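The values are calculated or read from the model by the stated rules, or taken from the named source; none is laboratory data. As the structure is a computational prediction, the values presented were derived from the model and not from experiment. As a convention, Cβ positions derive from the backbone with ideal geometry for all residues, glycine included, and neighbour counts pool all protein chains shown.
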Amino acid sequence: MTRSRADIAGVVGELTAQYYAQRATAGLIVSEATNISADAIGSPMTPGIWSDAQIEGWKKVTSAVHAAGGQIVMQLWHTGRVGHSTVRGGKLPLAPSAVSIVGQQTFTSTGLKDFEVPTAMSGDDVRATIGDFERGARNALAAGFDGVELHGAFGYLPHQFLVDSANQRTDEYGGSIANRARFVLEVMERLVCGAKGALAFGCHRRWLTTA
Ligand SMILES: Cc1cc2nc3c(=O)[nH]c(=O)nc-3n(C[C@H](O)[C@H](O)[C@H](O)COP(=O)(O)O)c2cc1C
């Protein structure tokens, strides 16, 4: 679970290596949610997997877990509208549509705040974000992780695309169930086929075209 123990650049250190090594006897660890890009950030001091320094930090964690006999996969994260400009250098969160969360508050570096109206992603934003997930998976493998998991739950970006309460897009990523599922399926395709190589997993595009 999210521990908020990374530094301001999203780099994890010795404390995180110690934390995960202590849990290596679990057998398989799924890491805390890890931002795939600066745009993915929703909460302060959460780790990332887009920079070389972040990869180097995670190598300490995977080495410690492996040395203790465990395995560890990285949970890849994009928070979408579950974020706040105060933890994003003043930039509003990106989301499928400009629809805010009401009735809840979000944890920021300066206390609890109401959610803001996010900026609706352009088609180019969507495609770039899918690429960011693939880069996150590649970087996770480079950092020594044994695999990756897409964080598709709890109202974060993939979930926001799936539900019509957050997704009011009129392009190919919104509307019908098939269109709302497209983002998750395209991300999964890139995670499975892009990060390890298409031949290794028998990748095909059939799941994207049958709905
Ligand atoms: C402080 C905190 C941090 C959390 N961080 C994560 C996380 O990084 N990834 C995740 O999938 N769930 C996270 N969760 C959600 C819990 O993992 C979730 O409650 C749990 O998966 C539910 O499991 P259960 O259905 O077995 O109770 C977090 C919850 C809390 C309270």
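Of all the numbered requirements in (1) within 14 Å of Ile101 (Cα to Cα); (2) among the aliphatic types (A, V, I, L, M); (3) away from the ligand (no atom under 16 Å from the Cβ); (4) in contact (Cβ under 8 Å) with a residue 40 or more places away in the chain, Leu157 misses one, and that requirement is (3). Taking each residue of segment 1-26 that is without any contact (Cβ under 8 Å) to a residue 24 or more places away in the chain and looking for partners that are within 14 Å of the ligand (Cβ to nearest atom) and not in a helix (DSSP H, G or I) with beta-carbon atoms closer than 8 Å, six or more apart or interchain, yields Leu15/Arg5; Tyr19/Arg3; Tyr19/Arg5.
The residues of segment 91-104 that are free of Cβ contacts under 8 Å to residues at least 12 places away in the same chain and either in contact with a Cys (Cβ under 9 Å, 6 or more places away or on another chain) or farther than 16 Å from Ser43 by Cβ (or both) amount to a single one, Gly103.
In segment 120-144, the residues that are over 11 Å from Arg190 (Cα atoms) reach residues that are basic (Lys, Arg) with C-beta atoms within less than 7 angstrom, at least six apart or across chains, in these pairs: Ala143/Lys59; Gly144/Lys59. The selection criterion, being within 16 Å of the ligand (Cβ to nearest atom), closer than 30 Å to Val126 by Cβ and touching a strand residue (DSSP E or B) at 6+ places or on another chain (Cβ under 6 Å), does not hold for Trp58. If I filter segment 31-54 for residues that are in a helix (DSSP H, G or I), more than 16 Å from the ligand (Cβ to nearest atom) and more than 27 Å from Arg127 (Cβ to Cβ), do I get at least one hit? Within segment 31-54, not a single residue is in a helix (DSSP H, G or I), more than 16 Å from the ligand (Cβ to nearest atom) and more than 27 Å from Arg127 (Cβ to Cβ). Would you mind finding the one in His84, His78, His66 that is over 19 Å from Leu162 (Cα atoms) and crowded, with 24+ Cβ neighbours inside 10 Å? Testing whether each residue is over 19 Å from Leu162 (Cα atoms) and crowded, with 24+ Cβ neighbours inside 10 Å leaves just His84. Restricting the first member to segment 63-88 and to residues that are farther than 20 Å from Trp50 by Cβ, and the second to residues that are more than 16 Å from the ligand (Cβ to nearest atom) and among the polar types (S, T, N, Q), the beta-carbon pairs closer than 6 Å and six or more apart or on different chains are Thr86/Thr110. Within segment 1-32, track down each residue that is closer than 15 Å to Ser109 by Cβ and surrounded by 14 or more Cβ atoms within 10 Å (Cβ to Cβ). If the condition is that a residue be closer than 15 Å to Ser109 by Cβ and surrounded by 14 or more Cβ atoms within 10 Å (Cβ to Cβ), then Thr2, Arg5, Ala6, Gly10 are the ones that fit. Would you say Phe145 is in a loop (DSSP other than H, G, I, E, B), more than 14 Å from the ligand (Cβ to nearest atom) and surrounded by 19 or more Cβ atoms within 10 Å (Cβ to Cβ)? In short, yes. Do we find a residue being within 16 Å of the ligand (Cβ to nearest atom), under 30 Å from Ser63 (Cβ atoms) and either surrounded by 18 or more Cβ atoms within 10 Å (Cβ to Cβ) or modelled with pLDDT of 95 or more (or both) anywhere in segment 120-139? Checked against the condition, which is being within 16 Å of the ligand (Cβ to nearest atom), under 30 Å from Ser63 (Cβ atoms) and either surrounded by 18 or more Cβ atoms within 10 Å (Cβ to Cβ) or modelled with pLDDT of 95 or more (or both), segment 120-139 yields at least one hit. Of all residues being of a type in the set (S, T, N, Q) and at pLDDT 95 or above in segment 62-97, which is farthest from the ligand (Cβ to nearest atom)? Just the residue, please. Checked segment 62-97; the qualifying residue farthest from the ligand (Cβ to nearest atom) is Ser97. Selection of segment 16-32 for residues being of a type outside the set (Gly, Ala, Ser) and under 24 Å from Leu150 (Cβ atoms) yields Thr16, Tyr19, Tyr20, Arg23, Leu28, Ile29, Val30, Glu32. For segment 116-139, check the following and say yes or no: at least one residue is part of a strand (DSSP E or B), under 20 Å from Trp77 (Cβ atoms) and out of contact with any Pro (no Cβ under 9 Å at 6 or more places or on another chain). Checking segment 116-139: not a single residue is part of a strand (DSSP E or B), under 20 Å from Trp77 (Cβ atoms) and out of contact with any Pro (no Cβ under 9 Å at 6 or more places or on another chain).
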